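Report on one structure; see the data block that follows.
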Amino acid sequence: MTRCLQLARMGEYYVAPNPMVGALLFDAEGKIIAEGWHEQFGGPHAEVNCFAHAEQRGYRDFREMTLVVSLEPCNHYGKTPPCTELILRHRPRRVVVGSLDPNPLVAGLGVARLREAGIEVVTDVLRDECRELNKRFFMLHEHHRPYVIQKWAQTADGFLDRVRQSKDEPVLRISTAVTKRIVHKMRAENMAIMVGTRTALLDNPALLNTHWAGRNPIRVVLDRKHVLPPDARIFSGDAETIVYSDNTEWDFVLRDLAERGIHSLLVEGGATLLETILRSGVYDEVHVEVAPEMTIGEGVPAPRIALRGMPQQIDGRLLYEWREEHGEA
Ligand code: AOF
Ligand code: ZN
């Protein structure tokens, strides 16, 4: 199963909102004879690629074999046919499953189908690790909202930026070239990225992922008063943009994003939006970058929250990152 988790990760950045899934087959002697993973959204599932790999290598008889897969095999017609049917055609002796699939179209039905057909099924092997790998996918299906990560950078004296009146005054650069890359990695890891009105106006960010593998995130912006100009960079044609103006309540935004199938949201500011979400209590992680030698005396205060845990030190910056366990409305 540890190997399946490694295989699953090969699909990172390319499968969302589907889960990352890895599969392998081992023979009666316990030797791994084939591996596969879910490589791309809409593409074949891990099990399909695994059996295809085995067949490529000349294997035709799977009756003494064990199939290991990090997520319960699906039993529904989605973009691809049910993996349970493929498994029943090949009839391995045993199927070992990491975690059950929270997707209501699958949940428990895949395992039940295999058992009814007389295949031995073992479940919950490294279940916690399998759930952790797909924490975003599980959040969407179990809590009907995206997994939320709040992220900001602040000076040593606790400011996000200088106070600026127009976008002609440049934003304060706190991140370095290296930590900027880490931010783009986070943009690649999450399906959507969100900012408030002032940030969209004053910073005029494009919010794309140009420095890491994978896709651009879907951009989400609040614009209650319809003040964002159509030529704001957030509306550039490079990625989709969702604007909330009539209803900008956090609960509503989360529910709406979930209905659109968005399983993860990175909130990049500004101060008002970050504070609102921190106060709501409905978020999952916080990532804060501190420039330990930069002080500006006055400016836009960073959220007043005690930084937790041991920071990583990267390129002269301190990176704090912690998890919230409550996260529920
Ligand atoms: C698996 N193995 O590798 C994946 C699974 O639209 P489809 O056909 O791609 O189905 C997507 C759903 O199938 C997804 O939400 C999840 O429940 C399951 N994904 N299942 O057995 C895989 N990617
Ligand atoms: Zn499947």
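Please treat every number below as a calculation from the coordinates, not as lab data. Since we're looking at a predicted model, the values are computed, not measured. Cβ placement follows ideal geometry from the backbone for every residue including glycine, while neighbour counts extend to all protein chains displayed.
Observations
- Förster radius 22 Å - calculated FRET efficiency between GLU29 and GLN56 (Cβ-Cβ, nearest 0.05): 0.60
- Shape box of segment 146-323 [Cα atoms, principal axes, largest first, Å]: 41, 35, 33
- Karplus-derived HN-Hα couplings along segment 119-133 (A = 6.51, B = -1.76, C = 1.60, θ = phi - 60°), whole Hz, x at Gly and Pro: 8, 6, 10, 10, 10, 6, 7, 6, 3, 4, 5, 5, 5, 4, 4
- Highest-fluctuation residue, HIS45, HIS211, HIS226 considered, GNM on the chain with Cα pairs under 10 Å: HIS226
- Applying the Karplus relation 6.51 cos²θ - 1.76 cosθ + 1.60 with θ = phi - 60° to segment 36-41 yields 3J(HN,Hα) values of x, 8, 6, 9, 7, 3 Hz, where x marks Gly and Pro.
- With θ taken as phi - 60° and the Karplus curve 6.51 cos²θ - 1.76 cosθ + 1.60 applied, the whole-hertz 3J(HN,Hα) list for segment 292-298 is x, 10, 9, 10, 10, x, 8 Hz, x standing for glycine and proline.
- Paramagnetic label zone (point 7 Å from Cα along Cα-to-C-beta, VAL227; backbone N under 20 Å) in segment 139-179: 160-172
- Mean residue ellipticity at 222 nm, helices only, the chain: -7500 deg cm²/dmol; runs of at least 4 DSSP H residues each add -39,500 (n - 2.57), and the sum is divided by the number of residues.
- Separation of segment 205-221 and segment 248-312, taken as the distance between their Cα centroids, equals 17 angstrom.
- Extension reserve of the ASP124-LEU307 stretch, reckoned as 0.36 nm per residue once the Cα distance is removed: 62.4 nm
- Area projected by the alpha carbon convex hull of segment 266-329, averaged over all directions, nm²: 5.0 nm²
- Surrounding net charge for GLY98, when Lys and Arg each add one and Asp and Glu each subtract one, Cβ distance under 11 Å: -4
- Relative to the globular-protein estimate of 2.2 N^0.38 Å, the Cα radius of gyration of segment 62-103 stands at 1.16.
- For the pair GLU259 and ARG181, a Förster radius of 35 Å applied to the C-beta separation gives a FRET efficiency near 0.60, rounded to the nearest 0.05.
- Compactness relative to 2.2 N^0.38 Å, alpha carbon Rg of segment 93-181: 1.90
- Estimated FRET transfer efficiency when R0 is 25 angstrom, pair LYS167-HIS211 (beta carbons, to 0.05): 0.65
- Translational diffusion coefficient of the chain (Stokes-Einstein, Kirkwood radius from Cα pairs, 25 °C, 0.890 mPa s): 114 µm²/s.
- Overall form of segment 148-233 per C-alpha gyration tensor (a/c, 1.5; a/b vs b/c): oblate
- Loop trypsin sites (Lys or Arg not before Pro), segment 45-107, which have at most 11 other Cβ atoms in a 10 Å radius of their Cβ (DSSP): ARG57, ARG60, ARG63, LYS79
- Mean separation of Cα contacts under 8 Å (6+ apart) over length of the chain, as relative contact order %: 16 percent
- 13 Å beta-carbon shell around CYS130, net charge (K/R +1, D/E -1): -1
- Convex hull (Cα only) mean projected area of segment 7-125, reported in nm² to one decimal: 6.6 nm²
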